[in-house]
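As structure tokens, the structure follows; a few thoughts come after it.
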Amino acid sequence: MGRPVIAVHGGAGAWRGLDFDYKLVYDAIEESIVRGLEASRTGNCIDMIVESIAYLEDSGLFNAGVGSTLDYIGNVLMDAGLMTSYGKAAGVASVSYPRNPIRLARLILEKTPHVIISGPWADDIARRFSLEKHPGPSIRAQAMWRDLKSGKIESPWVKARIESAKTLGYDTVGAVALDSSGCLAAGASTGGVALKLPGRVGDSPIPGAGFYADSNIAVSATGIGETIILSMTSLRVANLYATLGMLDNTLRIIVEEHTRRWGPGTLGLIALSFKGEISGYYNTEAMPWGYARLGEEIRILGLNV
Ligand code: ASP
């Protein structure tokens, strides 16, 4: 029986901005780690992932849950997913009903035989299981949407994401956890890229892309979803770690490879091994992230301010 460990991130981006307080971001990451570790006292690796991510979704500080960015026509459409080392995974794509898409992904994992459910059908499951309802676009997300729409952005989604990261700097969330029984889990939750076409699905609900867990490693990715899906990034991290066995080097190699293929500003990763090793690496200007073992000090990194 090992000691539970968790790492969480608040998204890879520029995090250089006009209207947010860095301390709030640090505090939210810290509290999310506390929630995840608390969950480990009575629950398992899934509880750790769900409680830590749900806290970040509720905070409104990140591009997930309550704080989600808006699509091209101004709606919230969120993606989320999770996976455990027992080989179970689930995701929800383009959902608008739940306040906490990660809780809906958990329902899909535990109550259905499916891996990914999308749109109104997934929303219907959230309603049937009485999940809390999303409050609708946040004031901040609406302001950002207006700025982006009125701006000089010619080709919507990818450029818009880069612009939004540069100016407002809030982003997708994710977590990786190891419980005392040795179960590893990974998850991600996002409002997707700002000004995306309605119905666009990113990497965050797709096992192997936005997250992955097996008996060796749990990985959560953030960045431009299209590049992460095309590279199957989280699965590649797991495969490389299986042969290399060095977590820091594995993440560095995968991010460097991604940068060569897709350019800088495209990827951030956190990962946790079965031995309890933790690592984070990104090719963006920043990626607020942190980690802790139960009973030990919390470390927060990745905001270069
Ligand atoms: N990966 C997310 C997506 O493309 C966005 C992000 O990580 O910032 O939907």
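One table, with the values for the structure above:
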read-out	value
Per-peptide average of other Cβ atoms within 10 Å, ordering 269-278, 96-105, 76-85, 254-263 highest first	76-85, 96-105, 269-278, 254-263
Förster radius 51 Å - calculated FRET efficiency between R299 and Q142, Cβ distance, rounded to 0.05	0.90
Stretchable slack from S150 to E110, in nm (0.36 nm times residue separation minus alpha-carbon distance)	10.1 nm
For the chain, built as a Gaussian network whose Cα springs stay under 10 Å, the top-fluctuating residue of D47, D58, D203	D58
Listed residues G91, S32, Q142: farthest to the positive end of the dipole of region 1-159 (Cβ charges)	G91
Charge dipole (debye, nearest 20) of region 43-123; +1 at Cβ of Lys and Arg, -1 at Cβ of Asp and Glu	180
Radius of gyration and maximum dimension Dmax of the chain, Cα, Å	17.1, 56
Nearest-20 debye value, the chain charge dipole, Cβ charges on Lys, Arg, Asp, Glu	460
Calculated on alpha-carbon atoms, Rg and Dmax of region 21-144 in Å	14.4, 43
Per-residue ³J(HN,Hα) for region 34-43, Karplus 6.51 cos²θ - 1.76 cosθ + 1.60, θ = phi - 60°, Hz, x for Gly and Pro	4, 4, x, 6, 4, 4, 5, 5, 10, x
Spin-label pair R252/T42, simplified geometry with 7 Å Cα→Cβ offset, distance in nm	4.3
Dipole magnitude of region 162-305 about its Cα centre (Cβ charges: Lys, Arg +1; Asp, Glu -1), debye to nearest 20	220
Dipole of the chain [Lys/Arg +1, Asp/Glu -1 at C-beta], most positive-end residue of G202, G302, S68	G202
Region 1-85 - Kirkwood radius from inverse mean 1/r over Cα pairs (Å)	14.1
Net lengthening on full extension, D124/L230 (0.36 nm per residue, minus Cα-Cα)	35.2 nm
Inter-probe distance in nm under a simple model that places probes 7 Å from Cα toward Cβ, at L244 and L24	3.7
Shape of region 212-305, Cα gyration tensor, a/c cut at 1.5	oblate
Pair E277, E31: separation of 7 Å Cα→Cβ label points (nm)	3.4
Overall form of region 62-130 per C-alpha gyration tensor (a/c, 1.5; a/b vs b/c)	prolate
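Coordinate-derived values only; no laboratory data. The shown structure was predicted, so the numbers you read here are calculated from the model rather than taken from an experiment. As a convention, Cβ positions derive from the backbone with ideal geometry for all residues, glycine included, and neighbour counts pool all protein chains shown.
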